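The values are calculated or read from the model by the stated rules, or taken from the named source; none is laboratory data. Computed from a prediction, not measured in an experiment: that's the story for all the values here. Using ideal geometry, Cβ is built from the backbone for each residue, glycine included, and neighbour counts are taken over all protein chains shown.
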């Protein structure tokens, strides 16, 4: 809010009420949606009309991932070299591809190590540099796969990247182990389901809960199968979102 | 056996009966002990008197790890540059340190991907080179810790190395996921137990079963705690062994 006050030349204090439609602090990037919402709400309340790029930059100060929640649909966060050119832009609109994110909650416990602390430890892992060096390649392949609606390629890249991130965390000093028994159980299930012909891939944020990505047509089947699995406490389904928007003028 | 026949100038055929005192094919390096035993038994049966170095080189042709099972106690496998200088030698005798390996069996299933196939896939992982580059450092630290009986250092290096190996396998193309829910459950348990003051560290071979390394004095407590854990099918305790030896002349 101090940044918004500075931008608008205001000194007013504000009351912020935030609601989230999904669990907070369990590694589902809840801070991303929260900070994206706050950036838009605060800037509008302060009378500012920021561009999407300016909003994305502002949101990034709250939480890195938050910059991606400003534009809708499928977005890319360009790393940039300074605060001024690190923001997210849309690669494809939400209607480009009817993908579903079926999230299996295996733990509701608030994570002991936050994402920011986790990020700061990453360079202590002997695998960190190799991961960083390989990201551009995976990003390019993922973008192409996304534009071509090629789930097999996107899925495999996504799985590799998620495991790579967790590998860096698990080899940091001190190590961070976010995966739980339920996380591993579902990694194996996803592989078995694919072998059986159900096209579904997994990814993780910095937490134990697993995102199963599939086409909208397979969502019901994925949900049905998740219901019988030990350790799955709850299932949340999401799709490409519309981006940050004002819902009450 | 062909190698032994060639070394001894024999053409005789042999009947080989092999017994193992622990589960086979579940990622506990059973092939290592088997090939070490076979190397010694076959060479003696053929009338050869091989040096420990020669035996270690011979065993390595059966299974890489087998070369380490020839000398007793704590051994190091020197990579070498050819078959002639890739063998294991003793760093410290068995009585140097009363360590215990408390193995928690979480799966008796024969692994789907063998170690040799796993090794051959490693270079397809984007993390492989970083792992290889970091091994010399960890080996040097582990040797010093071993000679100084410094379990805290040895344990942390060992855990990092085990996770690093599994990270390479999980990011190979195709990926290999050996960890099971029980593996992860025990990783978390070991960390909790350490936080409570029980000095125990984990490591893995290329499989889901977890080795808990502790001082002999803590063995009973580690075993007791393992008994109550979901997914632990069996507990096997081992210590530094005496190396390959002829038990029946």
- Message: Which numbered condition in (1) away from chain A (no Cβ under 14 Å); (2) closer than 25 Å to residue A:164 by Cβ is the only one that residue B:203 fails?
- Response: (1)
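Yes or no, residue by residue, for (1) more than 26 Å from residue A:206 (Cβ to Cβ); (2) in the same structural domain as residue A:219 (by TED's automatic domain parsing); (3) in contact with a helix residue (DSSP H, G or I) (Cβ under 9 Å, 6 or more places away or on another chain); (4) surrounded by fewer than 20 Cβ atoms within 10 Å (Cβ to Cβ):
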{"position": "A:17", "(1), (2), (3), (4)": "yes, no, no, yes"}
{"position": "A:32", "(1), (2), (3), (4)": "no, no, yes, no"}
{"position": "A:43", "(1), (2), (3), (4)": "yes, no, yes, no"}
{"position": "A:47", "(1), (2), (3), (4)": "yes, no, yes, yes"}
{"position": "A:66", "(1), (2), (3), (4)": "no, no, yes, no"}
{"position": "A:79", "(1), (2), (3), (4)": "no, no, yes, yes"}
{"position": "A:82", "(1), (2), (3), (4)": "no, no, no, yes"}
- Note on the structure: Counting only residues that are over 18 Å from residue B:85 (Cβ atoms) and part of a helix (DSSP H, G or I), the range B:32-61 contains a total of 13
- Query: When the range A:117-138 is examined, which residues are found to be in contact (Cβ under 8 Å) with a residue 40 or more places away in the chain and either within 15 Å of residue A:163 (Cα to Cα) or touching a helix residue (DSSP H, G or I) at 6+ places or on another chain (Cβ under 8 Å) (or both)?
  - Reply: A:118, A:119, A:121, A:122, A:125, A:126, A:127, A:128
- Filter the range A:183-199 down to residues that are in contact with a strand residue (DSSP E or B) (Cβ under 8 Å, 6 or more places away or on another chain) and within 20 Å of residue A:219 (Cβ to Cβ) and give me whichever is farthest from the other protein chains (Cβ to nearest Cβ). A:198
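Per-residue answers, yes or no, for (1) modelled with pLDDT of 95 or more; (2) within 14 Å of chain B (Cβ to nearest Cβ); (3) in a loop (DSSP other than H, G, I, E, B); (4) touching a strand residue (DSSP E or B) at 6+ places or on another chain (Cβ under 7 Å):
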position: A:118; (1), (2), (3), (4): no, no, no, no
position: A:123; (1), (2), (3), (4): yes, yes, no, no
position: A:126; (1), (2), (3), (4): yes, yes, yes, no
position: A:130; (1), (2), (3), (4): yes, yes, no, no
position: A:135; (1), (2), (3), (4): yes, yes, no, no
position: A:159; (1), (2), (3), (4): yes, yes, no, yes
position: A:164; (1), (2), (3), (4): yes, yes, no, no
position: A:168; (1), (2), (3), (4): yes, yes, no, no
position: A:173; (1), (2), (3), (4): yes, yes, yes, no
- Message: Looking at B:230, B:248 in this structure, which one is within 14 Å of chain A (Cβ to nearest Cβ) and modelled with pLDDT under 95?
- Response: B:230
- Enumeration of residues in the range A:191-209 that are touching a helix residue (DSSP H, G or I) at 6+ places or on another chain (Cβ under 9 Å) and more than 21 Å from residue B:126 (Cβ to Cβ): A:193, A:194, A:198, A:199, A:200, A:207, A:208, A:209
- Message: Suppose we keep only residues that are touching a strand residue (DSSP E or B) at 6+ places or on another chain (Cβ under 6 Å) and either assigned to a helix (DSSP H, G or I) or away from chain A (no Cβ under 14 Å) (or both) within the range B:210-222. Which one would you say is surrounded by the fewest Cβ atoms within 10 Å (Cβ to Cβ)?
- Response: B:216
- Query: Hey, residue B:105 hits all of (1) within 11 Å of chain A (Cβ to nearest Cβ); (2) farther than 17 Å from residue A:166 by Cβ; (3) crowded, with 20+ Cβ neighbours inside 10 Å but one; which does it fall short on?
  - Reply: (1)
